[in-house]
Amino acid sequence: MQPSPASVLDRARSLLRAPDSARHDVAASVVVFLVALPLCVGVAVASGVPAELGLITGIVGGLVTGLLPGSSLQVSGPAAGLTVLVYEAVREYGLAALGALVLVAGILQLAMGALRLGRFFRAISVAVVEGMLAGIGLVLIAGQLYAMADREAPASGLDKIAGLPGMLTGIIGSERALTAFGLGLGTIAVLVFWHRLPAKLRVVPAQLAAVALATGATLLFSLPVATVEVRGLVEAVRMPDGAAFGDLLSLGAIGTVLAFALIASAESLFSAAAVDRLHDGPRTSYDKELIAQGAGNTVCGLLGALPMTAVIVRSSANVRAGARTKASRVLHGVWLLLFAALLPAALALIPVAALAGVLVHAGCKLVPVRQLAELWREHRGEAVVLAVTAAAIVTVNMFEGVLIGLALAVMKTAWETSHVHVEVVDKGAGPIRVHLTGNATFLRLPKLLDALEALPQDRPIDLDLTDLRHLDHACRTSLESWAERHSAEGTDPVRVASGA
């Protein structure tokens, strides 16, 4: 059977498009690599782990997660949003346990994807997610301001923020601290104003330019600042052993695993939704993307590396650079691997203060100041949920802060949906007719009982419940008790009309 002219033409067109697609993907992969390199290293240093572990997570994000189906253009790797949680986990359980924590979190993500739970992450309150990111951003900014001055940050988020005034006044008398802090401020300035430069200069990603300029200044002027410690890619790998898994039996470790899995999954799937709005290509399959993220975190756990998530900064850079297929994100992992294998010594030249400046800038983007003001004007309840979630993360910890935010969001929704309207019709003679509409729940029980108990005791009552959409057990029991009390006064029994 001879192929039709139309099928031959379509095949020819696909062959003609293939080289063009490959050219765009290669170019985009280089851009993503240049954006990812300083962020991978910076997130690792801020998390209190060797810099190479950030590169390993970026490599796995490209070579493992990048090859799997799900979202075609979003890029995965170590994320600033998990920095605070990783730092707390390493401080609490040690670096040796990190791989086990990430491995189990990855397996949990695989299970959630297999059970097709990915789409349910879209039901999470946006206010809670934004509050989570805002809380992370505040703790990240506070911690990295210490790193910008070559100072060690306090352990808790509240202590980090409370100690900032003392830290800032304390560095005035130290030339080394002032130099490092100035270098960090210069890095932030480059990031803020880079978009105003001519287009030819903006071909270089802002993060790479900022770190490169800071590194060049450090070498040129022999600045006395701390630089990244380098161990080597192979030496940095820590496969979890039996003792590491033994640490997972504690309640705190289980909470950390759940936090890794849930926060990484939510951030990845929210990122996928945002990336889908940036291009016209295939839409994300949320369950497959959750499996891809779980596979990546499982491999990261086996290597003792940082947890991964899809990252909107790298993903949007990938789309803007003209990526057409998943080849761009896979190739970015190849470039990270080649850099880590061939040029590891280059990491030792990077000032810690410059990486801290990059993360301070990233943390500022996580705090939605402008959106919070708009939310307060339009939906004050949502603004309260966002602010309380952020404050809880700063004052308590990541996992409990998110739980507090979710509980508050559920309470707000329950309160807003449990409206009940009481209509009393009294014609002066005969029974009083009481008509209830809406949702009668325990949250509105005080209002409902106040209205009923205010009715005359010596008049018969007709209670109409036919238009209630919901009547919970607490309200039903209270209505029955009120009816018995009203009838006990010698009045005709309360007549109740209820629907099926």
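The values are calculated or read from the model by the stated rules, or taken from the named source; none is laboratory data. These numbers were taken from a predicted model, which means no experiment stands behind them. FYI the Cβ positions are ideal-geometry reconstructions off the backbone, even for glycines, and counts take in every protein chain you see. Areas reflect the complete protein model, heavy atoms only, side chains present, ligands, DNA and RNA absent. Shrake-Rupley method; radii C 1.70, N 1.55, O 1.52, S 1.80 Å.
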Notebook entry, point to check: Is region 200-223 home to any residue that is open to solvent by less than 30 Å² (accessible area, probe 1.4 Å) and outside any helix (DSSP H, G or I)?
Noted result: yes
Margin query: For region 61-77, which positions are farther than 11 Å from Asn318 by Cβ and open to solvent by 10 Å² or more (accessible area, probe 1.4 Å)?
Written below: Leu63, Val64, Leu67, Leu68, Pro69, Gly70
Next item on the list: Please state which one of Ile172, Ile107 is β-branched (Val, Ile, Thr) and over 25 Å from Leu306 (Cα atoms).
Entry: Ile172
Next item on the list: Among residues belonging to region 105-123 that are open to solvent by 80 Å² or more (accessible area, probe 1.4 Å) and in a loop (DSSP other than H, G, I, E, B), point out the one that is modelled with the highest pLDDT.
Entry: Leu115
Next item on the list: Filter region 456-500 for residues that are under 17 Å from Thr437 (Cα atoms), of a type in the set (A, V, I, L, M) and in a loop (DSSP other than H, G, I, E, B) and give the result.
Entry: Ala500
Notebook entry, point to check: Does region 132-146 include one or more residues that are open to solvent by 60 Å² or more (accessible area, probe 1.4 Å) and within 18 Å of the chain's Cα centre (by Cα)?
Noted result: yes
Checklist line | Output for region 242-286, where each listed residue is open to solvent by 60 Å² or more (accessible area, probe 1.4 Å), at pLDDT 80 or above and under 19 Å from Val129 (Cβ atoms) | finding: Leu258, Leu262
Notebook entry, point to check: When only residues in region 23-50 that are open to solvent by less than 20 Å² (accessible area, probe 1.4 Å) and not hydrophobic (A, V, I, L, M, F, W, C) count, which is modelled with the lowest pLDDT?
Noted result: Asp25
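Listed here are the residues, each with its yes/no results for (1) of a type in the set (D, E, K, R); (2) touching a helix residue (DSSP H, G or I) at 6+ places or on another chain (Cβ under 6 Å); (3) closer than 25 Å to Leu290 by Cα; (4) assigned to a helix (DSSP H, G or I).
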{"position": "Gly54", "(1), (2), (3), (4)": "no, yes, yes, yes"}
{"position": "Val60", "(1), (2), (3), (4)": "no, yes, yes, yes"}
{"position": "Ser72", "(1), (2), (3), (4)": "no, no, yes, no"}
{"position": "Leu82", "(1), (2), (3), (4)": "no, no, yes, yes"}
{"position": "Glu88", "(1), (2), (3), (4)": "yes, no, yes, yes"}
{"position": "Val102", "(1), (2), (3), (4)": "no, yes, yes, yes"}
Next item on the list: With the condition kept exactly as written, say whether any residue in region 185-202 is closer than 30 Å to Ile172 by Cα, under 28 Å from the mean Cα position of the chain (by Cα) and of a type in the set (Ser, Thr, Tyr).
Entry: yes
Checklist line | Filter result (in contact (Cβ under 8 Å) with a residue 24 or more places away in the chain and closer than 17 Å to Leu53 by Cα) within region 206-234 | finding: Thr227, Val228, Glu229, Val230, Arg231, Gly232, Leu233
Check: Inside region 342-426, counting only helices (runs of 4 or more DSSP H) that do not spill past its ends, which hold 2 or more residues that are without any contact (Cβ under 8 Å) to a residue 60 or more places away in the chain and under 21 Å from the mean Cα position of the chain (by Cα)?
Finding: 369-378, 380-395, 398-417
Notebook entry, point to check: Which of the residues that make up region 338-351 are open to solvent by less than 70 Å² (accessible area, probe 1.4 Å), aliphatic (A, V, I, L, M) and at pLDDT 90 or above?
Noted result: Ile350
Check: in a strand (DSSP E or B), in contact with a Gly (Cβ under 7 Å, 6 or more places away or on another chain) and hydrophobic (A, V, I, L, M, F, W, C) - does that describe any residue in region 275-291?
Finding: no
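To keep it simple, each residue is scored yes or no on (1) open to solvent by less than 10 Å² (accessible area, probe 1.4 Å); (2) at pLDDT below 85; (3) under 28 Å from Gln457 (Cβ atoms).
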{"residue": "Leu386", "(1), (2), (3)": "yes, no, no"}
{"residue": "Met398", "(1), (2), (3)": "yes, yes, no"}
{"residue": "Leu403", "(1), (2), (3)": "no, yes, no"}
{"residue": "Thr417", "(1), (2), (3)": "no, yes, no"}
{"residue": "Arg433", "(1), (2), (3)": "no, no, yes"}
Next item on the list: Return the pairs, sorted by first residue and then second, in which the second residue is basic (Lys, Arg), the first residue lies in region 254-283 and is closer than 17 Å to Ser316 by Cβ, the beta carbons are less than 6 Å apart, and the residues are 6+ apart or on different chains.
Entry: Asp276/Arg283
Checklist line | Filter result (more than 15 Å from the chain's Cα centre (by Cα), in a loop (DSSP other than H, G, I, E, B) and surrounded by 21 or more Cβ atoms within 10 Å (Cβ to Cβ)) within region 308-323 | finding: Ala323
Checklist line | Checklist (1) touching a residue at least 40 places away in the same chain (Cβ under 8 Å); (2) under 23 Å from Gln144 (Cα atoms) applied to Val190, failing item | finding: (1)
